[in-house]
Amino acid sequence: MAQTFENKPYDIWFGWDDRYIYCSELVWKIYNRALKLKIGQLQTIKEFNLSSPAVKQKIKERYGNKILYQETVISPVSMFNSPLLTTVDKQW
């Protein structure tokens with residue numbers, strides 16, 4: 001299953017298709033396709049706080065004026081907070 005994503009370029013635009021892939025998208029899709037588990041809540045770009053100057057600048061660099069606010073995304077925080085995951089070691 002994971003081989004599907006081997007050698008895919010990193011997705012700086014956070015698209016949900018499989019042509020490019022970003023870190024949390026990779027993990028989410030592997031869990032979903034291999035085990036039918038949805039680790040974390042999918043969101044759209046517009047649901048995130050995009051108001052900080054650094055975020056605004058990065059969005060402008062990557063998207064110009066064509067921000068895909070309805071694009072499906074998964075964040076690392078959403079996955080981390082999933083009740084489907086269990087902490088197995090808390091040494092740090």
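The values are calculated or read from the model by the stated rules, or taken from the named source; none is laboratory data. If you're wondering where the values come from, they're calculated on a predicted model, not measured in any experiment. A quick note on method: Cβ atoms are made from the backbone with ideal geometry, for glycine too, and the neighbour counts reach across all protein chains shown.
Screening 19, 33 for residues that are in a loop (DSSP other than H, G, I, E, B) and of a type in the set (D, E, K, R) leaves exactly one candidate, 19.
For region 59-76, residues that are within 23 Å of residue 27 (Cβ to Cβ) and surrounded by 11 or more Cβ atoms within 10 Å (Cβ to Cβ) total 8.
Examine region 56-72 for a residue that is at pLDDT 95 or above and of a type in the set (A, V, I, L, M, F, W, C), and state whether such a residue exists. No; the residues of region 56-72 include none that is at pLDDT 95 or above and of a type in the set (A, V, I, L, M, F, W, C).
Just one of (1) at pLDDT below 95; (2) part of a helix (DSSP H, G or I) fails for residue 89. It is (2). Which one is surrounded by the most Cβ atoms within 10 Å (Cβ to Cβ), of the residues in region 38-58 that are within 17 Å of residue 16 (Cα to Cα) and among the hydrophobic types (A, V, I, L, M, F, W, C)? Only one residue tops the list, namely 39. Of all residues being in a helix (DSSP H, G or I), in contact (Cβ under 8 Å) with a residue 12 or more places away in the chain and farther than 21 Å from residue 2 by Cα in region 36-76, which is nearest to the chain's Cα centre (by Cα)? Just the residue, please. Looking at the filtered set, the residue picked out is 45. Remark: pairs (first residue in region 4-21, touching a residue at least 12 places away in the same chain (Cβ under 8 Å) and among the basic types (Lys, Arg); second residue surrounded by 14 or more Cβ atoms within 10 Å (Cβ to Cβ) and part of a loop (DSSP other than H, G, I, E, B); Cβ separation under 8 Å; 6+ apart in sequence or on different chains) = 8/20.
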